[in-house]
1. Please report the net charge: other residues with Cβ closer than 12 Å to the Cβ of residue 654, K and R +1, D and E -1.
2. Given the pairs 205/231; 205/242; 80/213; 157/213; 191/328, which span a C-alpha to C-alpha distance of over 24 angstrom in this model?
3. Treat segment 727-837 as a sphere of radius equal to its Kirkwood radius over Cα pairs and apply Stokes-Einstein at 37 °C in a medium of 0.692 mPa s; give the translational diffusion coefficient in µm²/s, rounded to a whole number.
4. So for segment 556-724, averaging the separation of alpha carbon pairs under 8 Å that are six or more residues apart and normalising by length, what relative contact order in percent results?
5. Go through 767, 811, 830 and say which Cα lies farthest out towards the positive end of the charge dipole of segment 727-837; charges sit on Cβ, +1 for Lys and Arg, -1 for Asp and Glu.
6. Rank-order 797-809, 61-73 by packing density, defined as the average count of other C-beta atoms within 10 Å over each peptide's residues, highest first.
7. Quick check on packing: order 677-685, 818-826 by the mean number of other C-beta atoms within 10 Å, highest mean leading.
8. Evaluate the charge dipole of segment 727-837 about its Cα centre and quote only its size in Debye, nearest 20, assuming +1 on the Cβ of each Lys and Arg and -1 on the Cβ of each Asp and Glu.
Amino acid sequence: MAEKRKRDFSKSDPVDSGLIDELGDRLSLIAEDEKKGVSSALNVENLATFANKHSSQILQAWSYYSQTNNHAKLIFATGKLGWFLAICGQNLQTLQKQGAIVIREIVEHHLKIIYRCLFSNRPTMTNPALRILSEIAKFNNGIYTGDLFSSLDLSLKAFPKILASTADESSTTKQSSMRTALLNFYLSFIKNGSAIIRKDLISQKKIVAGWMKRITQDPDHLVISTLDVFKNQILFESAFTKSTKLSFFNDWVLSNLVKLFSRSDEVVTELSKFLELLATDSANGIRFPDNGWYPPTSKTQSKRDSSASAQNVNEDSINNRLLLSLLKSLKPWEDVWQQDLSISILRSSPELLMPYVTSGLEPISFAPRLSSFWVSYANFLSRVIQLPIPQLQSLQPPATSVVVESILPLAVCKSGSLLKCLTHEVQLVRYLGCQIMVLCLKKLMTVSTEYSRRGWDLSDVVYTISDRLPDLQAIVSCLNTKSASGEVNDLLNTVITVLLSLYGTVFPDVISTFSLPSSLTNNWQHTVDSSKLDGLKLVQVRGSLQLQISSSAVGKWWNKSQGSSYSIFTRLVQLGASDSTFTDQVCQILLGLTNPTLLFQDETLVPPIEVLIRSIMQSFENFSKDEREKIWTLIDESVARCMRSPYKYVDEFAAVRADNTEVMSPLIVTMVEQWKYVKSPEASVERWFVRFIRDCCVCGESWTAAYKFISEKAGLKEQVFLQEQSFQMWKERLKLDEPFDFILSADAKDIISRSDLQFKIHGVYELQALKFRLVHDHENERMASHLLSSIPLSLAPYVAKKLFFKELIEARSVFLVKKYFITLGLFSSQEQDMDLSEIKSYVSKNLSSATIDRLAHGIWLLDSSDVMALLDSPDVSSSFCKLCIDRLTELKQAMELGILNRLISGQLIDVALAESLAANFRAKPPSLTTDLDNLLETLFENGYYKVVSSIIQSTKYLPSFIREVAEASDDSLIEIANTVAELGNTKEPSYTRLFNSASLAALAEIKKGDSKNVHSSLSLLAHTVDILSDEQLDEIAAYFDGVSGSVTLSSAIVSLAGSLYDYKPDGLKLWLQKCIVWLTKRLSEDSIITDGLRSFLLSFGKCNHHL
């Protein structure tokens, strides 16, 4: 230092004031180095040396100034000590020791000085003291927080006073700086303290109360720091239980945090993130798992009265009452953050929806008015309605009132609010009202799908929703209303059209009896000759078509309509063929119109009307206007004639068909008849017509009848298309641009090379072409495999239909059938609710010994009852039995004893199968005692001795014939006797014959020495020692003298030795000596106890009462 400050030693001042001044100078030098960006290492080293010499004197001076009320010097010294500790914390490698010494001195001896500064309530004195506490809490990652927590009195009245200080307006900034300083210290204390310390700190009610009460006045950076500490040190603290977190984040704390939504965007963003974590994370937050739409007390509670008043909801019965309180304190119509948070909470805790919409939103009116509040409120309610359905895990449906409130809350339609929306003069209000109803009906359709899947009744829900919605007339009256400028609002018309189409889907009975304006239902007719539709017009036409499906007032759709050149039928075909956007809807409408008639047959996978439309689509762009007119005229005339006299064409087909299984639509017969009236048909039109007939035949119509009609009635040149399996001819005459033609006609190698084929198969139309190719060209296994693997999952339900699989299975290609069942299995594993009833029924009815080569691959579809029924049928082969038994084993199902007995008697089950069946017996049903007796006896008579033994072991049941058993192969006799002995029947007189015969066989086996049955023989003799003669016991003792090899130390021989010792102890001496020598060697030489040694010791220990 260039110049040392002159020390101040006055007579009345016994401390060296210059030391504190010098400390300040040294700290300033370090600060200047940091400001200039140069190294401060030298000045830090000098500070360390200075602190080593004078730290105690500086603390004495600080204490002296406090005792003598020298406020100026006390403030100065306090500030410099806080600064010194901060520098020490930043330079731990050099100043850790010096900082630690000062901290310990302050914590142990000088906290009263800190208290005095806090009680002064003067920012100039309080803030430096709080800085000292903050630096102590932060020092070296909080290493001294435990000491500070033990010494600091958190009950000081100064803390709440600083947090709640009310200064005059001129000193507000200074006063708030005291609060900021205190909160910075408290946050540091929480952040660096242990979990135990943290728990105590957040439990200081007076401090927390003062903290939260004025949190809205804290600066942004302090609020963000507070939220960060709340998240990382409280929510993510694994040592804190949920009750601890609930105790801190109580109603009052959360209500004060919600007030922060009025702050800057930076604060609000962090606040919304924190509250979302707090309210939606069940692991770290305060959310409890709930039962969704079910009450927490009972997941299987039946439906409650749907007429129950929403006011009677018991909020105490929900799991997350605190979250409900948080929801009620939010104002989601004020800003997007509160709205997003509310939706997140409702999505994660579905149980809150019912009480929230019935009590939380009850005071808020939805009466329509053009204001920012109402528009935001309408948007929020729309999002509430769009919330997903929670998992329904009960066997009973949830309460009707809960489901209804989640679909259309009472708050939306109370006091006729929805009706008022429809009649409001502002079109935006009408639009938002209609949008809410659209979302409501879509949600109702989703719920309906789930209810249908579970077999639940939705009628109460549908009735209540329909009662809450406005009348249909009110909705229709909004159509084509003009604005003040006289323009029709297309957006409003579009949403109303969609709303009415949904109305017709959900409430078909209502809309079918309502007279809709023709401008709405026939809106689609004005678009047939238009260019490609897009935007709102596209949505309107979709809605109009859907209304056409729902409306019953179509009239005579086969006749020309007024003002049109064609009938409604033909106009619909025009629309579906000209724009693929509407093809599916048009097919659905036409199916609804024609199903009650004889126009089309309904016995094929692809409806003929779809074949008609798609055949025109393939060449539509290439047709001239004149060519299209000829096609439309042909269709129009044919439909009209067929509808007037359908039976004429039914009879014509019946006269030419080869057998009763063939089908053909009367309309096709009519079109062939009317072809001769087409004026000068171009080659392109003729080719389309024959291709259309061919496509119908590919999709299931009669090839024989089609060829005959074309030949005799039409005389067309393109008859080559009507030759079944003419793949090569079709290929030569077609471009194969469409997936249907490509699958039908392309070379196998070209099909195999198409990796994108799955994306080309859009529906049943292409699926039918795939089936046709597989059935008629299944020799190429690679192509067949590729085609089946290209079927998309969306078509899986059709793959399991008889209309698809019957021809394919009956094509008699084992490989094809096997690949089909593999594909079906993959689909069923991905679609758990896939309907397999048709294919299952087919397999169960047709699987037999004669069809086992093909249908065996579908055995996995059958359950145990189906398999039992198959086994109980006559003419069952051995391979068929094996197939069925393998399936029963897979299902872990035992076969019915009567069936099993019959199969064994017929020698249809070999030993391996019988043994696998025996493993399925786990207990003896009392009612089957006779059947089990008969089964075991049949098994025994057929030589299945091991199976008999296995069944006896697993069932613990001894059949009566076992008592008389004395003749069998030696190993089987020994095994059966062992099984009986293990059940504790050795002393039962009725089994004497069995044990005598088996014991003789066992003695013979052990004399052989190398017999595979030695172990089982020894085990049996251990059970039967009591009934053996002295001569037989001597033979066993002699065996012990000469025993060698692995048998010597086996558990079986140890058990026998234990039983024999009571009769022939002298005969075991040599064997015991061998055991002791071996045991001593193992214990002295082996570093670990081997499995063999452990087994021997266990067996030996069990017999030690004998040995």
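1. Residues near residue 654 contribute -2 overall.
2. Pairs exceeding 24 Å: 80/213; 191/328.
3. Answer from the Stokes-Einstein relation: 232 µm²/s.
4. It comes to 23 percent, rounded to a whole number.
5. Ranked along the dipole, the leading option is 811.
6. 797-809, 61-73
7. 818-826, 677-685
8. 220
Here, each number is a calculation from the coordinates, and none is a lab measurement. Here the structure is a predicted model, which is why all the values come from computation and not from measurement. For neighbour counting, all protein chains shown are included, and Cβ atoms are generated from backbone atoms with ideal geometry for every residue, glycine included.
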